[in-house]
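Every number in this text was worked out from the coordinates using simple rules, so none of it is lab data. Keep in mind that this is a model prediction, so the values were computed, not measured. Glycine gets a Cβ as well: all are built from the backbone with ideal geometry, and neighbour counts include every protein chain shown.
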Amino acid sequence: MMRGHCCRVARVAVALLLMGAPAWAWIPGWQEGWPSPQQMLQGRDPAQAQQFMNWSAALEKNPRDATALDNRAYLDMEFARKGLYGSFWRWLAAKDLEQAIQINPNDFYAWHNYGDLNYNSGDLWMMNDHSNAQRAVTAFTKAIALNPQSARSYMGRGWAYLTMDDQAHANADFDRTVQLDPSLKPSIISKIKSIEERKRQEAAAKGTLNQMGRYFVERTARNEEECAQAHGFWTQGECRISMALYPGPVQPYEAQPGGGSLR
């Protein structure tokens with residue numbers, strides 16, 4: 001039944017294309033302005049691409065098919081992990097999972113995968129924004145309430161806690177993970193090292209950005225040309241010299257005592 005329906009959808013798609021209709025019009029959830037389905041599926045595993053089309057066909061027939069939403073979201077997430085167009089695939093996965101949860105609030109798989117999706121989407125570390133990690137914790141907590149024996153849900157929540165520097169809750173979740181499934185211990189250790197390394201890199205990057213934002217004003221440079229000679233940047237009527245790229249003034253534009261301001 002599903003195979004026949006998929007064939008009908010494919011024929012409809014061809015007809016729409018011949019009439020000049022956009023390719024995204026026959027895939028539920030696809031947004032105008034996105035790359036075409038053909039582009040985003042190019043180079044993907046043929047079996048997974050076919051499964052994606054099959055589940056999309058099921059959703060075209062019944063938009064409230066929670067099983068189709070769960071399965072297509074899993075494929076969306078797989079596509080997001082590999083190759084191009086990750087942000088588009090993550091957006092589609094999020095919408096599929098949010099709709100599945102709305103249809104069935106007790107859908108363990110939707111909650112777990114929504115937690116995984118948010119955790120893997122990363123945080124806006126430059127702004128110290130942990131919104132994705134917080135959503136991941138909430139989703140994994142829902143999944144654990146539905147299935148307290150899900151070791152991977154505890155592990156995912158532990159990673160999200162660790163991302164937010166909540167070591168106590170992270171350790172508790174990791175301990176519970178190993179109790180439920182000792183085989184996951186190497187994965188926990190590997191991911192902890194990865195998170196710690198990422199945090200070190202983020203801290204270094206923040207330091208660099210903060211340093212690059214510091215400058216002093218070279219008062220003796222009175223125009224853009226003189227500012228360029230002093231290795232500065234002329235803006236808002238003053239010559240600003242980066243403390244990161246150029247730590248101090250040189251002759252003949254040596255700053256007078258009290259003449260420069262450190263920002």
Note to self: I'd like to check something: does region 143-160 contain any residue that is within 15 Å of the chain's Cα centre (by Cα), without any contact (Cβ under 8 Å) to a residue 40 or more places away in the chain and not in a helix (DSSP H, G or I)?
What the structure shows: no
Margin query: Looking at region 228-240, I want the residues that are buried (at least 18 other Cβ atoms within 10 Å of the Cβ) and have a partner that is polar (S, T, N, Q) and in a strand (DSSP E or B) with Cβ atoms under 9 Å, at least 6 apart or on another chain. Which pairs are those?
Written below: 232/242
Checklist line | Positions within region 80-102 being in a helix (DSSP H, G or I) and over 13 Å from the mean Cα position of the chain (by Cα), in sequence order | finding: 95, 96, 97, 98, 99, 100, 101, 102
Check: In region 161-170, how many are surrounded by fewer than 15 Cβ atoms within 10 Å (Cβ to Cβ) and either in contact (Cβ under 8 Å) with a residue 40 or more places away in the chain or over 24 Å from the mean Cα position of the chain (by Cα) (or both)?
Finding: 1
Item checked: Given (1) within 27 Å of residue 111 (Cβ to Cβ); (2) not in a loop (DSSP other than H, G, I, E, B), index of the condition residue 29 fails -> (2)
Checklist line | Extreme residue, nearest to residue 48 (Cα to Cα), among residues of region 75-98 that are of a type outside the set (A, V, I, L, M, F, W, C) and buried (at least 19 other Cβ atoms within 10 Å of the Cβ) | finding: 76
